[in-house]
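**Q** Quick one: the structure is below, questions incoming.
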Amino acid sequence: MSHTLEHIRNFAIIAHIDHGKSTLADRLIQTCGGLEEREMTEQVLDNTDIERERGITIKAQTVRLEYTAKDGITYQLNLMDTPGHVDFSYEVSRSLASCEGSILVVDATQGVEAQTLANVYMAIENDHEIVPAINKIDLPSADVDFAKQQIEEVIGLDASGAVPCSGKTGAGIHDLLEAICTTLPPPKEGDRNAPTKALLVDSWYDIYLGVVVLVRVVDGTLRKGQRIKFMSNGKMREIDRVGMFTPKHVLLDELGPGEMGFITASIKDISETNVGDTITDEKRPCAEKLPGFKPSIPMVFCSFYPADAGDFEKLRESLGKVRLNDASLHYEMESSQALGLGFRCGFLGLLHMEIIQERLSREFDLDLIPTAPSVVYKINMTNGEQIELYNPVDLPDVVKIKTIEEPWIRATILVPDEYLGGLLKLCQDRRGVQEQLTYVGSGSNARAMLVYRLPLNEVVFDFYDRLKSLSKGYASFDYELDGYGENDLVKLEIRVNEEPVDALAMIVHRDSAETRGRGMCERLKDLIPRQMFKIAIQAAIGGKIIARENVSALRKDVTAKCYGGDVSRKKKLLEKQKKGKAKMRQYGNVEIPQSAFIAALKMGDE
Amino acid sequence: MPSERRLCKKLSSTLTNPAPLGASEKGQLGVYIHWPFCLSKCPYCDFNSHVREGIDEAAWRAAYVRSVEHYAQRLPGRQVRSIFFGGGTPSLMSPETAEAIISEIQKNWQVSNDVEITLEANPTSVEIEKFRAFQMAGVNRVSIGVQALNDTDLKFLGREHSAKEAIQAIETARKVFDRYSFDLIYARPEQSLSAWEDELARAQDLADSHLSLYQLTIERNTPFYMSHEQGLFSIPEEGLAADFYTLTQEVMEGYGLPAYEVSNHARAGEESRHNMIYWTYGDYVGIGPGAHGRITIDGRKYPTREHQAPDIWLDRAGKDGTAAKAEASLSHYDRFMEALMMGLRLRAGVRWEDLDRAAGHGESAQVFLDHAKLQTVQDQGWALCDDDGIALTQEGRLRLNALLPYILKEA
């Protein structure tokens, strides 16, 4: 079925996490007949187990719907479900760039949250028309007027056209669909006869189809058998499938201007398909590339080590496979004295890191040791050189360093007044600089909106968890990068029996070095099993010891009874101890189990 | 080094076995008989013991006899040096059963003149009355589970006897048997060092020439484990436990009953011969539910393990003479590890040549040891090594469980 441009609506759904975005998308799909009732699973667009279990969207998803509106016209609706978490704002920005409008989902019981704000501003930047949808009106605590008021006051968006609805019960869904058709604009340009020009929105590897490329056609058409060219790298391919998601895969003859869908072209290597690239016709190329997207930049770094050293190759393969579907993951090999061979990985953020880790353990059955998350520092050397530091261990000799710069963020936090004090202290403790403190809403619904500049380093270290626990989960948080800044940063080293433990080295502000060092020493003290020898644990900056703990030596460890019947059992125990030694690291005359370092690295979990 | 010279002397003077038992086929054999039943379960015990009524003793007797026959067929031409009735509470079995087993052993194997036949006994009046009959059956040594010499602690330990009965049992044993030993458990909750010292004084008055003194440990799968986890009682923390151990060593040394093994004390020459087979890694046959053995056949050392469940063991051993799964022979490394693990429990330590023989691969077993670490433990004063062998000091034995994996190399 071919649609003229003015009957096409490409739109994204944006929302804060947990505001029911995916459920609402499910309901839209079902209402338009994309799936039968029996085919509906919870959150059909969240494909991976992790997405479903955590109730989050990681990858943007596209679905084409057909809806016959009250005006009698059948519209083609291309819906993009976008991730709600701050880490994936990059994904969101891609989705928004390929649409003309957005549905802004606001939870009728929660109102506007920090993430809502960030995404709305992104949509506005992309010249989107926005239809606010007040979701979860079925809940007893729903307050549509309050939500509308917040949309107007906090975001500054006209909420008169807001559609009250419920993804859960289906109430208001037809009104929302009508609003999409009437309020959102059709695709702007698009010449069917012009040379093919299509935006590569996303790509992923499918074991049956090879690389699947999600596209938004601007001019011309994409059809089966057509020879195409990827303009960024000049790679040429023949299209073997053209289709759309309903959300089932449905093959089509072609994709025309304004339409979204997928193509496959026997591509095996995902690195050929650069997100944001322009796809054109091989023989009749378009004159200019589309502006594309800014590339994703890894913001948070940590290393993964296999708990079992024998799994190193498996980890390498698995990372390769994960990267097939996630171009934003960066990694390279590294070796640690404490943990053996592993990979230094770069992520979009902490959640991204967690998800990659979870995928590796779940899909590839790997037992991983992640090191403490860190950020990229810029080291200004006395000789004028500037070095980017990805791993604290690699910090050059301090005498050669002039200054160290760290990345900063601009964070927006929305929090009910009663928790404000705790959060102000948290931001202060994390070296935050307050830029703004205002109130939004009124009466019992009033919330404080905080804008702080914070060093990213302080945020990657359990900030989000603390924020959530201090506000009993009510605070919401979002951030954007805000350049680099010089600071009094030092390398905090942890030593066991005088020897540095590389995996535990971190760059911290001098003022927090002692607290962090003491914390790590205390934690290690509890984690390192007592041995025959006394173990000294120290935290040091350069040569200066700033904290110290001792693990006292074992005085007695002997089995009272050991006779003929005990040999096998005791030997098994001994074998277990011996086997454990493979995971032991030698520090002076003591052997420290890897597990102690691993547990110490999980410090942020507290 | 003076310490080494001292060791040379020590090794040769304190290794009490005239001929090392080793793992040789011609070596002497110990026979362990496991009687799996008790009148009640003690809350600290994790042994394979069961409380059962209506035991068909004739069937059990037949199964033990059949089992002796089975192992004798597998190990022909051996000389039995020791028989040990353990459990459970083997003093609950009828003396006829003990006699039947002993005579079956005599029928099937050559038995040395100085064979040691030990019976573990509980000091209840019923069992004391049977001592004479057991002696008639061939038992020449009893090991009495006294555990404590005051009624409060006996009650805590879940024992079914009084301190008075325990003393009666010891008096009777002295009259009836050639040798006897008894067990005490120390480092009990609330026990003070001085109270234990007093108890040791009373114990040495009652003792013959052998005593087993065990520190109370909380084992998994015991009622004590649960109540200890729940915080219903606590046992001395490590420092105090170490003090208890050290005190015990000093006091007993003073009484002329030095520790020859971690928890066993004897006058010279009065060690438990049966247990010495375990600690010198000799061959022993294990008969009865859950009994373990180590037997050498054609130069290979096989572990044996009888089925734990009494009914299954009775059924299978009654028919086939064994309820053990066939097990692969032990590797050289395993043999070395077991021999070292057991040997280092002895004050006398273990000779290199015995370790080499135990490993049985025809070369020096020292390849299995990390010599740098061996040096470290010597420097710490925990071990003594010389050309003859290796022995741990008292402080070393106190840390045996941590020391062993430290000095062993990867397999």
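**Q** Working only within the range B:303-318, note down all residues that are in contact (Cβ under 8 Å) with a residue 60 or more places away in the chain and either of a type in the set (D, E, K, R) or within 23 Å of B:Gly282 (Cβ to Cβ) (or both).
**A** B:Glu306
**Q** A follow-up question, please. Enumerate the strands (runs of 3 or more DSSP E) found wholly within the range A:330-399, keeping only those where 3 or more residues are of a type in the set (Gly, Ala, Ser).
**A** Ranges flagged: A:340-347.
**Q** Taking the range A:230-259, which residues are touching a residue at least 40 places away in the same chain (Cβ under 8 Å), under 21 Å from A:Arg284 (Cα atoms) and among the hydrophobic types (A, V, I, L, M, F, W, C)?
**A** Of everything in the range A:230-259, those that are touching a residue at least 40 places away in the same chain (Cβ under 8 Å), under 21 Å from A:Arg284 (Cα atoms) and among the hydrophobic types (A, V, I, L, M, F, W, C) turn out to be A:Phe230, A:Met231, A:Met236, A:Leu255.
**Q** Let me ask something else. Among the candidates B:Arg294, B:Arg305, B:Arg316, single out the residue that is modelled with pLDDT of 95 or more, within 12 Å of another protein chain (Cβ to nearest Cβ) and open to solvent by 60 Å² or more (accessible area, probe 1.4 Å).
**A** Sole residue among the options that is modelled with pLDDT of 95 or more, within 12 Å of another protein chain (Cβ to nearest Cβ) and open to solvent by 60 Å² or more (accessible area, probe 1.4 Å): B:Arg305.
**Q** Let me ask something additional. Where the second residue is open to solvent by less than 60 Å² (accessible area, probe 1.4 Å) and of a type in the set (D, E, K, R) and the first is in the same structural domain as A:Leu426 (by TED's automatic domain parsing) and within 22 Å of A:Ser374 (Cα to Cα) and lies in the range A:461-474, which pairs have Cβ atoms under 9 Å and are six or more apart or on separate chains?
**A** Every condition considered, the pairs that remain are A:Phe461/A:Arg430; A:Phe461/A:Arg516; A:Phe463/A:Arg430; A:Arg466/A:Arg430.
**Q** Let me ask something additional. Criterion first (within 22 Å of A:Ala553 (Cβ to Cβ) and in a loop (DSSP other than H, G, I, E, B)) does B:Gly362 satisfy it?
**A** Considered against the rule, which asks whether it is within 22 Å of A:Ala553 (Cβ to Cβ) and in a loop (DSSP other than H, G, I, E, B), B:Gly362 comes out as no.
Table: residues versus (1) open to solvent by 40 Å² or more (accessible area, probe 1.4 Å); (2) at the interface with chain A (Cβ under 10 Å from one of its Cβ atoms); (3) assigned to a loop (DSSP other than H, G, I, E, B).
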{"site": "B:Trp196", "(1), (2), (3)": "no, no, no"}
{"site": "B:Asp205", "(1), (2), (3)": "yes, no, no"}
{"site": "B:Leu213", "(1), (2), (3)": "no, yes, no"}
{"site": "B:Glu219", "(1), (2), (3)": "yes, yes, yes"}
{"site": "B:Leu232", "(1), (2), (3)": "yes, no, yes"}
{"site": "B:Thr248", "(1), (2), (3)": "no, no, no"}
{"site": "B:Met252", "(1), (2), (3)": "no, no, no"}
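**Q** What are the residues in the range B:144-161 that are farther than 20 Å from B:Ala187 by Cβ and open to solvent by 30 Å² or more (accessible area, probe 1.4 Å), if any?
**A** B:Glu160
**Q** Test B:Glu261 against the criterion of being more than 19 Å from B:Thr118 (Cβ to Cβ), within 13 Å of another protein chain (Cβ to nearest Cβ) and either crowded, with 18+ Cβ neighbours inside 10 Å or touching a His at 6+ places or on another chain (Cβ under 8 Å) (or both), and give yes or no.
**A** No.
**Q** Can you tell me which residue is farthest from the other protein chains (Cβ to nearest Cβ) among those in the range B:377-411 that are β-branched (Val, Ile, Thr) and touching a helix residue (DSSP H, G or I) at 6+ places or on another chain (Cβ under 8 Å)?
**A** Filtering first and then ranking leaves B:Ile390.
**Q** Let me ask something else about it. Could you run through the range B:116-137 and say how many residues are open to solvent by 20 Å² or more (accessible area, probe 1.4 Å) and either touching a Pro at 6+ places or on another chain (Cβ under 8 Å) or within 21 Å of B:Leu29 (Cβ to Cβ) (or both)?
**A** Total satisfying the criteria: 4.
**Q** Exactly one of these conditions fails for B:Asp283: (1) charged (D, E, K, R); (2) modelled with pLDDT of 95 or more; (3) out of contact with any strand residue (DSSP E or B) (no Cβ under 6 Å at 6 or more places or on another chain). Give me its number.
**A** (3) is the only condition that B:Asp283 fails.
**Q** Then there's this: Quick check on A:Tyr479: is it open to solvent by 60 Å² or more (accessible area, probe 1.4 Å), touching a residue at least 60 places away in the same chain (Cβ under 8 Å) and in a strand (DSSP E or B)?
**A** no
**Q** Would you be able to tell me the number of residues in the range A:166-207 that are more than 22 Å from A:Ala265 (Cα to Cα), more than 27 Å from the chain's Cα centre (by Cα) and basic (Lys, Arg)?
**A** So the count comes out to 1.
**Q** Right, here's the next one. Within the range A:379-423, how many residues are farther than 18 Å from A:Phe301 by Cβ and either within 27 Å of the chain's Cα centre (by Cα) or at pLDDT below 90 (or both)?
**A** So the count comes out to 16.
**Q** Out of all the residues in the range B:319-339, which are open to solvent by 60 Å² or more (accessible area, probe 1.4 Å), within 14 Å of another protein chain (Cβ to nearest Cβ) and charged (D, E, K, R)?
**A** B:Lys325, B:Glu327 - these are the residues of the range B:319-339 that are open to solvent by 60 Å² or more (accessible area, probe 1.4 Å), within 14 Å of another protein chain (Cβ to nearest Cβ) and charged (D, E, K, R).
**Q** Sticking with this structure for a sec: Of all residues being polar (S, T, N, Q) and either in contact with a His (Cβ under 7 Å, 6 or more places away or on another chain) or more than 30 Å from A:Glu514 (Cα to Cα) (or both) in the range A:542-597, which is nearest to the other protein chains (Cβ to nearest Cβ)? Just the residue, please.
**A** Going through the qualifying residues, I end up with A:Gln577.
**Q** From the list B:Ser12, B:Ser3, which one is in the same structural domain as B:Asp388 (by TED's automatic domain parsing), out of contact with any Phe, Trp or Tyr (no Cβ under 8 Å at 6 or more places or on another chain), open to solvent by less than 50 Å² (accessible area, probe 1.4 Å) and at pLDDT below 90?
**A** B:Ser3
The values are calculated or read from the model by the stated rules, or taken from the named source; none is laboratory data. Quantities reported herein were computed from a predicted structural model and do not represent experimental measurements. Here the Cβ is made from the backbone with ideal geometry for all residues, glycine too, and neighbour counts use every protein chain on show. Areas reflect the complete protein model, heavy atoms only, side chains present, ligands, DNA and RNA absent. Shrake-Rupley method; radii C 1.70, N 1.55, O 1.52, S 1.80 Å.
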